[in-house]
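What follows is calculated from the coordinates using simple rules that are stated; it is not laboratory data. These numbers were taken from a predicted model, which means no experiment stands behind them. Counting neighbours? That spans all protein chains shown, and the Cβs are built from the backbone with ideal geometry, glycine included.
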Amino acid sequence: MIESMTGYGKSVLQLPSKKVTIEIKTLNSKNLDIIARIPSDYKEKELEIRKKLAKKLVRGKVTFGLYIEATGIDDSVKINTQMVKKYLKELETLYPKSNENLLAIAMNLPDTISSIKGELDPKEWKIVEEYIDKAIAETVNYRQTEGDVLEKDFVERVTIISDLLEQIDEYDTERKQALRDKLTKAIEELHQKVDENRFEQEMIYYLEKLDITEEQVRLKNHLSYFIEMLNTSDSNGKKLGFIAQEMGREINTIGSKANFANMQKIVIQMKDELEKIKEQNLNIR
């Protein structure tokens, strides 16, 4: 089973005085890159959150957001009465005949509102942690669904390359005969008598240099191995990328040795399918 690196997960928790929203977005990246937006209330848990994300998501660009919306009375917010009184006294010296709106002006000045940060309630964190796990699980599920779509596409393209490889095999006998005829004709045009045995030996040597049997066998093995890796329990985009590189190496060698128009056309089609595999593989975890 493979997983895409594109994913999304969200969970919303309603606590007595606030609503907590957890949102996760993931995109493709060569390595794990986590961007975490965590309010001060839960900042002490950032390392723990990052470890959770790294363990479950493994690879990709991960944007994690934990957002708090106050929905009730927040006892941690206090009015700094001493500061407000000080501001009012100074404002009264500036505007001795007008007391209108002085309190409103004072309240908008710095340090009139203070927030008392207390210890994070362990019971509250346990609940929030459960909802973080839910958002992560939803993200993983999203990635697996996207991975299923990519897997079907991979299987389809590997099958196409395999079918094209069989077509190349069908043309190989024709190619060898065409090369033999071409060399024979070139010798005849020289109007020189040649040793038939020596000519046959040289012909065999030349055809062996252009033989593509080994490349065909290796390419078949790479195609089978690619499908085998798709069916493993662990998603590994890097390994699939390495196999695709090896597939490309064999296809290129077949193309360079072919020296036969019909076979080279097929090689171009194989390269086109392989490029699509490589492009899609960039999204695999």
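Between residue 34 and 62, the built amide H atoms are under 5 Å apart, and every one of these is 5 or more places off in sequence or on another chain. The angle between the Cα long axis of helix 46-57 and the main principal axis of the chain comes to about 30°, on a 0 to 90 degree scale. For the range 26-88, the equivalent ellipsoid built from the Cα gyration tensor has semi-axes of 39, 12, 10 Å, listed from largest to smallest. Axis of helix 261-281 versus longest Cα principal axis of the chain: the two differ by about 20°, to the nearest ten degrees. Could you state the angle between the C-alpha long axis of helix 81-94 and the longest principal axis of the C-alpha atoms of the chain, as a value from 0 to 90 degrees rounded to the nearest 10? With rounding to tens, the tilt is 70 degrees. Across the chain, C-alpha contacts under 8 Å between residues 6 or more apart give a mean separation that, scaled by the residue count, equals a relative contact order of 26 percent. Ranking 63, 139, 268 by how far each Cα lies toward the positive end of the dipole of the chain (charges on Cβ) leaves 63 at the top. Rounded, prolate or oblate, given the Cα gyration tensor of the range 1-49, with a/c below 1.5 counting as rounded? Oblate is the answer for the range 1-49, as a/c is 1.5 or above yet b/c matches or exceeds a/b.
Could you sort out which of 238/276; 18/56; 25/239 sit more than 22 Å apart by Cα distance in this structure? Intermediate values should be presented prior to the final figure.
On the way: 238/276 16 Å; 18/56 28 Å; 25/239 24 Å.
Distance filter (> 22 Å) returns 18/56; 25/239.
Could you pull out the longest piece of the chain with no exposed loop GluC sites (Glu not before Pro) in it, calling a site exposed if DSSP puts it outside H, G, I, E, B and it has at most 14 other Cβ atoms within 10 Å? In short, 120-285.
What Kirkwood radius, in Å to one decimal, follows from the Cα pairs of the range 1-105? Display every interim value, and only then the final one.
Details: mean 1/r = 0.0566 Å⁻¹.
So the Kirkwood estimate lands at 17.7 Å.
Over all other residues within a Cβ to Cβ distance under 12 Å of residue 146, the charged ones net out to -1, with Lys and Arg as +1 and Asp and Glu as -1. By the Cα gyration tensor, the chain has an equivalent ellipsoid whose semi-axes, rounded to whole angstrom, run 74, 20, 13 from largest to smallest.
Counting only lysines at least 8 places from residue 86 when in the same chain, those with an alpha carbon closer than 22 Å to its own are 78, 97.
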